[in-house]
Amino acid sequence: MILGVRAHDFGKTSVAELAKRISTKGITSVQLPLSKAIADIDTGLGRLNPGMANYIREVFAAHNLKIAILGCYIHLVHSDPQIRRQGLERFKEHLRYARDFGCSIVGTESGSVNPGDPSSPNHTEEAFQTLLESVAELVAEAEKFGVMVGIEGVAKETLSTPEKIKLLIDTIKSNNLQIIFDPFNLITEDNYQSQDDLYQKSFEWFGDRIVIIHAKDFIIENGKKQQVPVGKGILNYELLLKLIKTRKPYINVMLEGASPETVVESGEFLKTLYEKV
């Protein structure tokens with residue numbers, strides 16, 4: 001596996017400073033959400049261009065960093081058609097220039113119908129149909145440019161279970177649709193004790209479509225799931241790494257939420273365990 005980080009976990013700053021901060025931790029790949037990580041360049045809608053993309057790629061490369069995936073997290077099911085349209089256009093712009101950044105994947109979650117509302121009707125059939133429409137539009141754009149749409153499942157959002165991920169893949173029917181697998185995001189207080197089944201089912205159903213792994217960890221405290229640094233919780237990394245080693249050698253594994261203080265220890269935990277499994 002190839003260990004990476006989300007670039008914005010190291011702060012929002014200049015391209016050069018960001019690359020420097022990450023490279024000092026021995027990391028060689030990043031997930032780069034432009035608007036969350038880069039402070040010295042306006043990367044808003046309509047601003048991306050090949051020159052900008054090449055500049056950012058070259059600065060990261062000078063620090064031995066590969067941009068493995070562009071993050072462009074939008075709400076694919078947003079109840080406001082105008083906001084959803086703005087998000088889709090921004091994502092499509094990322095798809096068009098992904099190759100200039102040196103990568104072939106742009107990633108997002110499905111998002112929420114009403115972001116910020118705990119009662120948002122994310123799990124309705126209507127929401128899933130909206131998700132299908134949005135993903136189909138993005139995949140059609142990705143096909144034109146030979147790049148991939150990476151979708152990440154999250155239990156509280158519309159794409160909430162391995163079953164729904166499989167249904168999305170079976171419905172869209174395009175190899176330009178791929179999966180960002182974040183086991184933490186699919187685990188809840190209700191299903192954490194059957195996490196092994198969740199991993200095995202996911203790799204059986206859509207393991208061939210997994211292009212990025214997100215690495216987080218958790219504990220259950222007072223009946224609630226709490227995120228902790230990788231290696232400090234109860235996520236079954238032994239099984240997950242066995243599946244990766246067998247099915248996805250050299251895949252990019254992105255430490256998510258890792259601070260500059262925890263990234264080295266978390267990375268060593270994963271590398272050591274990977275050698276053992």
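A few notes on this one:
- With the simple model of a label 7 Å out from the Cα in the direction of the Cβ, S174 to K12 spans 3.0 nm.
- Proximal aspartates and glutamates relative to K25, as straight alpha-carbon distance under 17 Å, when same-chain residues fewer than 8 apart are discounted: D9, E17, E256, E261, E265, E268
- Relative packing of 15-26, 173-184, which averages over residues the other C-beta atoms within 10 Å, highest first: 173-184, 15-26
- Helix-only [θ]222 nm of the chain, DSSP H runs n ≥ 4, -39500 (n - 2.57) each, per residue, nearest 500: -13000 deg cm²/dmol
- Subtracting the Cα-Cα distance of H123 and N64 from their residue separation scaled by 0.36 nm leaves 17.1 nm.
- Computing Cα extents along the principal axes in Å for the structure here picks out one of (1) 57, 39, 29; (2) 48, 46, 34; (3) 57, 43, 33, namely (2).
- Spatially, the stretch 119-155 and the stretch 167-201 are offset by 14 Å when compared through their Cα centroids.
- Scattering curve values for the stretch 1-135, log₁₀ I(q)/I(0), Debye with Cα scatterers, q = 0.14, 0.15, 0.21 Å⁻¹: -0.67, -0.74, -1.15
- 20 Å Cα-Cα threshold exceeded, pairs from K164/K201; K144/K173; K156/K216; K173/K242; K36/K66; K144/K201: K173/K242; K144/K201
- Dipole magnitude of the chain, debye to nearest 20 (Cβ charges: Lys/Arg +1, Asp/Glu -1, about Cα centre): 780 debye
- Cβ crowding within 10 Å, taken as a proxy for footprinting-reagent exposure, orders I27, I234 from fewest neighbours to most as I234, I27.
- Cα convex hull of the stretch 182-251 - mean projected area over all directions, nm²: 4.5 nm²
Bear in mind that the values in this text are calculations on the coordinates, not laboratory data. Please read these numbers as outputs of a predicted model, since none were measured by experiment. Quick reminder, even Gly has a Cβ in these numbers, built from the backbone with ideal geometry, and neighbours come from all protein chains shown.
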